[in-house]
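Reading through the structure tokens given below for one structure.
The values are calculated or read from the model by the stated rules, or taken from the named source; none is laboratory data. Everything numeric in this text was worked out from a predicted model, so none of it was measured. Ideal geometry is used to build each Cβ from the backbone, glycine not excepted, and the neighbour counts take in all protein chains shown. Keep in mind that these areas ignore ligands, DNA and RNA; they rest on the heavy atoms of the full protein, side chains included. Shrake-Rupley method; radii C 1.70, N 1.55, O 1.52, S 1.80 Å.
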Amino acid sequence: MVIKYPVSPITKDKDFITWNPKYKIGIPIIDAQHEHLVNLCNDFYQSLLRNNDTNNYKILVKDTLEKCINYAATHFKEEERLMLASNFSGYAHHKAIHEAFAEKCEMTYMRIDNLPVAEAVKFALFLRDWVQTHIAHEDRLYLPTLLEFLKKNQSK
């Protein structure tokens, strides 16, 4: 059974999110992780497009989503470690955003075997929008505190 997608908003473009240097925050480990998250979101998007066989489709989508969830958890731990070390005042709020994202991903993962394609597409859009907004806005909020912390500790 081949599942047909609506023409919009999913396209057949290679990348759902195009990595842009403007996403860089200037912390090499975080920048590399952000770029990897973008690639994983693109992998999830591509897995949605490869739907020639319903069983393989579900396995591919589930596997790709699991990779996204696991890597996001790794990335969040690193960001949160840096925020705590630098005494970022918005830590609790930022951590809550991470937790809400992780919860939504986990709930989707648990439902993936019975998730209608339209819902999977909506989730792909959520991933794209969340990653772009989070990197471009939320992560920039801790940057001044973190850079000041790193500057002070480099001289020691």
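Details
- When only Cα pairs below 8 angstrom with a gap of at least 6 residues are kept, the chain shows a relative contact order of 30 percent.
- Using only alpha-carbon positions in region 83-154, the gyration tensor eigenvalues give semi-axes of 33, 12, 8 Å once each is multiplied by 5 and square-rooted (largest first).
- Which listed pairs, of LYS95/LYS152; LYS67/LYS95; LYS22/LYS104; LYS122/LYS151; LYS77/LYS152; LYS62/LYS151, have C-alpha distances above 31 Å, in listed order: LYS122/LYS151; LYS62/LYS151
- The chain: angle of helix 117-133 to the longest principal axis, Cα-based, in degrees nearest 10: 20
- Angle between the chain longest axis and helix 28-49 axis [Cα atoms, degrees, rounded to 10]: 10
- Efficiency of FRET from Cβ geometry, ALA85 and PHE126, R₀ 25 Å, rounded to 0.05: 0.25
- Length-normalised contact order for region 76-156 - Cα pairs under 8 Å, 6+ apart - percent: 50
- Cα gyration tensor shape of region 97-139, rounded if a/c is under 1.5, else prolate or oblate by comparing a/b with b/c: oblate
- Heavy-atom accessible surface of the chain: percent carbon and sulfur, 1.4 Å: 56
- Computed label-point distance, nm, for sites LYS152 and GLU66 using a 7 Å Cα→Cβ extension: 4.3
- Among LEU143, CYS68, PHE123 - extreme Cα towards positive end, dipole of region 54-156, charges at beta-carbon: LEU143
- Taking region 18-108 and dividing mean pair separation by its residue count, relative contact order in percent (alpha carbons under 8 Å, at least six apart): 25
- Solvent-accessible area per residue for the chain (1.4 angstrom probe, square angstrom): 57
- Taking the convex hull of the alpha carbon positions in the chain and averaging its projected area over all directions gives 9.4 nm².
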